[in-house]
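See structure below.
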Amino acid sequence: MTSVGLDRNGWVSVPSAARADVAGWYSGAATPGERGTSVVVGHVDDAAGPAVFYPLGSLTRGTRVEVLRDDRRTAVFAVYAVEVFDLRDFPAEQVYADTAEAEIRLITCGGTYSRDRGYEGNVVVFGRLVAVR
């Protein structure tokens, strides 16, 4: 995992398309496993095929997601929701809002795809911390 910031439009950046196999932790959010909302973004695919977050849309409630942190500890989250949001109506407040407990948002492209416009939505996985080991 690498760290990412905001793009020129104020949205969370994604890792370079040349690194479609790498997820990016938004450095302006909580560290995975710490109190607050951690945001991790990644590509769903690229010209060569599936990328790091290709499986996100198939996750279900209760699925465990493990994030290896910089301190070499692993934060384990349980998925409690998976949503697809249209880019035009993306609920930034709901997705990025700070939380009293340690939570994670995994975000990738999703929804309808067209060659002209790309993906028209985002898949967002919502999870709660269950352990740090």
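Okay, here's what the table says:
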item	result
Complete set of residues in the stretch 1-22 that are without any contact (Cβ under 8 Å) to a residue 40 or more places away in the chain, in a loop (DSSP other than H, G, I, E, B), out of contact with any Asp or Glu (no Cβ under 7 Å at 6 or more places or on another chain) and not basic (Lys, Arg)	GLY5, ASP7, ASN9, GLY10, TRP11, VAL14, PRO15, SER16, ASP21, VAL22
Pair list, Cβ < 7 Å and 6+ apart or interchain, from the stretch 37-57 residues that are touching a residue at least 60 places away in the same chain (Cβ under 8 Å) to residues that are polar (S, T, N, Q) and surrounded by fewer than 18 Cβ atoms within 10 Å (Cβ to Cβ)	THR37/THR99; SER38/THR31
Extreme residue, nearest to VAL12 (Cα to Cα), among residues of the stretch 94-133 that are free of Cβ contacts under 8 Å to residues at least 40 places away in the same chain and surrounded by fewer than 12 Cβ atoms within 10 Å (Cβ to Cβ)	GLY118
Matching residues in the stretch 75-93 - criterion: being over 16 Å from PRO55 (Cα atoms), of a type in the set (Gly, Ala, Ser) and surrounded by fewer than 17 Cβ atoms within 10 Å (Cβ to Cβ)	ALA92
Conditions (1) at pLDDT below 95; (2) at negative phi: number failed by GLY111	(2)
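The values are calculated or read from the model by the stated rules, or taken from the named source; none is laboratory data. This structure is a prediction, so every number in the text was calculated from the model and none was measured. All Cβ positions, even for glycine, are placed from backbone atoms using ideal geometry, and neighbour counts span all protein chains on display.
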